[in-house]
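Working notes, structure below.
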Amino acid sequence: MAEYVRVASLADLPEGSLLAVEVAGVRICLANAGGVVYALRDNCTHQDYPLSEGYLEDGTIECSWHGARFDLESGRALSLPAFKPVQTFEVKVEGEDIFVAV
């Protein structure tokens, strides 16, 4: 069973924003889309660029380097040049605290 680790607070991640965090040596991108918090590995599968430098739009995250888009919930690659999915992590919010399963 995965262990949940506190990574941030909701105050650190306003709606519509991205935040890079690190848990046990793993870079994770937190995304607040429509009040729902998602967690993905913080690297585009195309060329290892931080997704936390990207953009949120309609349930997707877009890499700012080459424009690859990924589904926030599943991590599925939605557009080239990426074709491999990005790893996602389970998230839970308790009060103002954000936890990610690692």
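The values are calculated or read from the model by the stated rules, or taken from the named source; none is laboratory data. Because the structure is predicted, anything quoted here is derived from the model rather than measured. So basically every Cβ, Gly included, is an ideal-geometry build from the backbone, and we count neighbours across all protein chains shown. Accessible surface is based on the protein model in full, side chains and every heavy atom, while ligands, DNA and RNA are left aside. Shrake-Rupley method; radii C 1.70, N 1.55, O 1.52, S 1.80 Å.
Numbers at a glance
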quantity: Unit charges at the beta carbon, dipole of the chain: most positive-side option, Ala77, Pro50, Ser64; calculated: Ala77
quantity: Cα-based Kirkwood hydrodynamic radius, region 40-102, one decimal, Å; calculated: 11.9
quantity: ³J(HN,Hα) computed for each position of region 40-47 - Karplus, 6.51 cos²θ - 1.76 cosθ + 1.60, integer Hz, glycine/proline x; calculated: 9, 4, 7, 8, 5, 6, 6, 8
quantity: Zero-based 10 Å bins, Cα pair distances in region 1-78, whole percents; calculated: 20, 55, 24, 1
quantity: Gain upon complete extension [Phe83, Trp65; 0.36 nm per residue less C-alpha separation]; calculated: 5.0 nm
quantity: Relative contact order computed over the chain (Cα-Cα under 8 Å; 6+ residues apart), in percent; calculated: 27
quantity: Accessible surface, per residue, of region 24-77 when the full set of protein chains is kept, probe 1.4 Å, Å²; calculated: 48
quantity: Amide H contacts of Tyr49 (H built 1.01 Å from N, under 5 Å, at least 5 apart or other chain); calculated: Cys44
